[in-house]
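The values are calculated or read from the model by the stated rules, or taken from the named source; none is laboratory data. As the structure is a computational prediction, the values presented were derived from the model and not from experiment. No Cβ is skipped: glycine too gets one built from the backbone with ideal geometry, and neighbour counts run over all protein chains shown. Note: accessible area is taken over every heavy atom of the protein model, side chains too, but ligands, DNA and RNA are not part of it. Shrake-Rupley method; radii C 1.70, N 1.55, O 1.52, S 1.80 Å.
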Amino acid sequence: MQAILKAIEYYLPPQVLNNPQLCEIAPNWSPQKIQSKTGIEERRISEEEELSSDLAVKAVTKLFESGACKPEDIDYLMLCTQSPDYFLPTTACLLQNRLGLRTSCGALDFNLGCSGFIYGLGMAKGLIETGQATNVLVVTAETYTKFITPTDMSVRTLFGDASAATLITAQDSHSEQAPAIGPFVYGTDGRGAKNLIVQTGGMRKPVAGFASGGGVEDADEHVLVPPTLYMNGPEIFLFTLDAVPDLVAGICSRAGITFDDVDLFLFHQANEYMLRHLRDKIEIPPERFYVSMSHCGNTVSSTIPIALKEAYKAGRLKIGDRVMLVGFGVGYSWGATMLRWAV
Amino acid sequence: MNAPQFLAALHELFDVSAGSIHKDSVLQDIEGWSSMTFIGLIAMLDEEFGVRIPPGTILRCHTVEDLMDEVAAELSPNKMAA
């Protein structure tokens, strides 16, 4: 048996935040400047009462409605999120119930950001190819915008909320072909933790420990209450310059391929300016480097499945195509794999 | 790397008219300095000069010339061999 990617659906919340709206908050910016520096025209923002779990239910329901699978087919559900409903229970357990999955279904959450989809594929492949599961739902869902201060343009311009649901399923393997998913390369460097972080709300700095009412900042003017996303963009950018070229070389080496063997390169959609720079630095042919984020922004762990779905809809993927998937970001955490398109 | 080449790259990055940035210009006072042009500066130094200067080092540079010195130090034979 081998694991194949059988279907992807994604869901974006309806509320739009576009560049002209952002410029009303920050008058020294222009819509054209935001567009040219980020490649993003609009982001989708979850409503106050709309959580990652709600976005996930919508994405998975679309997958069921597409006919790709039925609730009773699913025997393992994994949810990648950094904005869960609760500390406990596991949000994936809530989803099992809301989605009507059978009680013999395994379910777990895992906490990763921009590298999460790659790690999800790796775990799903492991579960299927060791005979532990047959139909694995890899769900990515994030509501980073709930962590964002309205006036912090360095992150508000980039991040949007979304969920993607990907079905990984077991199929008879044909040994003459390269694996449908894999090999994998992973990496971690916790020294970068401080550069993309929500400092408060966990056990290290529980929000209850701070005086209530109004915001609270630390000595570096990082907002502590409410729990707020801090990103050091220049440090993150420097990290990608260090890590991503090696990551791409690493996956080529492990797969025994050259760039000529790759039909489409699909990186985590962080921001288009950065992606273009990485593309040129690594010398990836532009016509095989796919970008799709102008309609939703950086949706963290959902960017890769969203862009895969958009590439498929745009006719950029056909059966048998080999796609390089590369994720990198918060942690720092990174990973890459090769996917043979099977839909 | 020479000064005219470095200044030309800065003019292009900040999209300002020729002659508006000098060696003694204060880096963070350049018109258009923002979190985004800061990232653009790191990208430009990597692309044009093949050096990766940490953001903290850039922030410690007061003038354009200070930054040029950092790039030159990074490009020096001793550093390259290290």
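Observations on the model:
- Some residue of the range A:137-145 being surrounded by 24 or more Cβ atoms within 10 Å (Cβ to Cβ) and more than 25 Å from A:THR188 (Cα to Cα): no
- Annotation note: Cβ proximity below 7 Å between a residue of the range A:78-92 that is closer than 8 Å to A:PHE110 by Cβ and a residue that is open to solvent by 10 Å² or more (accessible area, probe 1.4 Å) (sequence gap 6+ or interchain) occurs for A:MET78/A:LEU108; A:MET78/A:PHE110; A:MET78/A:MET123; A:LEU79/A:ASP109; A:CYS80/A:PHE110; A:CYS80/A:LEU112.
- Reported count of residues in the range A:247-260, each being free of Cβ contacts under 8 Å to residues at least 40 places away in the same chain and not hydrophobic (A, V, I, L, M, F, W, C), is 4.
- Considering the range A:150-164, and only residues there that are more than 20 Å from A:GLU272 (Cβ to Cβ) and away from every other protein chain (no Cβ under 14 Å), the residue that is most open to solvent (accessible area, probe 1.4 Å) turns out to be A:PRO150.
- Checklist (1) touching a Gly at 6+ places or on another chain (Cβ under 6 Å); (2) surrounded by fewer than 18 Cβ atoms within 10 Å (Cβ to Cβ); (3) within 14 Å of another protein chain (Cβ to nearest Cβ) applied to A:PHE239, failing item: (2)
For (1) farther than 22 Å from A:VAL155 by Cβ; (2) open to solvent by 10 Å² or more (accessible area, probe 1.4 Å); (3) within 14 Å of chain B (Cβ to nearest Cβ); (4) acidic (Asp, Glu), each residue gets a yes or a no:
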site	(1), (2), (3), (4)
A:TYR273	no, yes, yes, no
A:ASP280	yes, yes, yes, yes
A:PRO285	yes, yes, no, no
A:TYR290	yes, yes, no, no
A:THR303	no, no, no, no
A:LYS309	yes, yes, no, no
A:LYS313	yes, yes, no, no
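- In the range A:65-90, the residues that are within 15 Å of A:ALA7 (Cβ to Cβ), touching a Lys or Arg at 6+ places or on another chain (Cβ under 7 Å) and buried (at least 20 other Cβ atoms within 10 Å of the Cβ): none
- Subset of the range A:242-255 (residues that are out of contact with any strand residue (DSSP E or B) (no Cβ under 9 Å at 6 or more places or on another chain) and modelled with pLDDT of 95 or more): A:PRO245, A:ALA249
- Number of positions in the range A:242-269 that are open to solvent by 10 Å² or more (accessible area, probe 1.4 Å) and within 18 Å of the chain's Cα centre (by Cα): 1
- Number of residues in the range A:6-64 that are out of contact with any Leu (no Cβ under 7 Å at 6 or more places or on another chain), more than 30 Å from A:ASN135 (Cβ to Cβ) and hydroxyl-bearing (Ser, Thr, Tyr) equals 2.
- Residue check, A:ILE197 away from chain B (no Cβ under 14 Å), modelled with pLDDT of 95 or more, touching a strand residue (DSSP E or B) at 6+ places or on another chain (Cβ under 8 Å) and open to solvent by less than 50 Å² (accessible area, probe 1.4 Å): no
- Annotation: of all residues in the range A:321-332 being under 14 Å from the mean Cα position of the chain (by Cα) and open to solvent by less than 10 Å² (accessible area, probe 1.4 Å), the one that is farthest from A:ILE8 (Cα to Cα) is A:GLY329.
- All of A:MET203, A:MET123 fail the test of being without any contact (Cβ under 8 Å) to a residue 12 or more places away in the chain and surrounded by fewer than 23 Cβ atoms within 10 Å (Cβ to Cβ), apart from A:MET203.
- Strands (runs of 3 or more DSSP E) (entirely within the range A:4-110) containing at least 2 residues that are within 16 Å of the chain's Cα centre (by Cα): A:42-45, A:76-80, A:106-110
- Hits in the range A:37-55 - residues which are touching a strand residue (DSSP E or B) at 6+ places or on another chain (Cβ under 9 Å) and within 19 Å of A:GLN269 (Cβ to Cβ): A:THR38, A:ILE40, A:GLU41, A:GLU42, A:ARG43, A:ARG44, A:ILE45, A:SER46, A:SER52, A:LEU55
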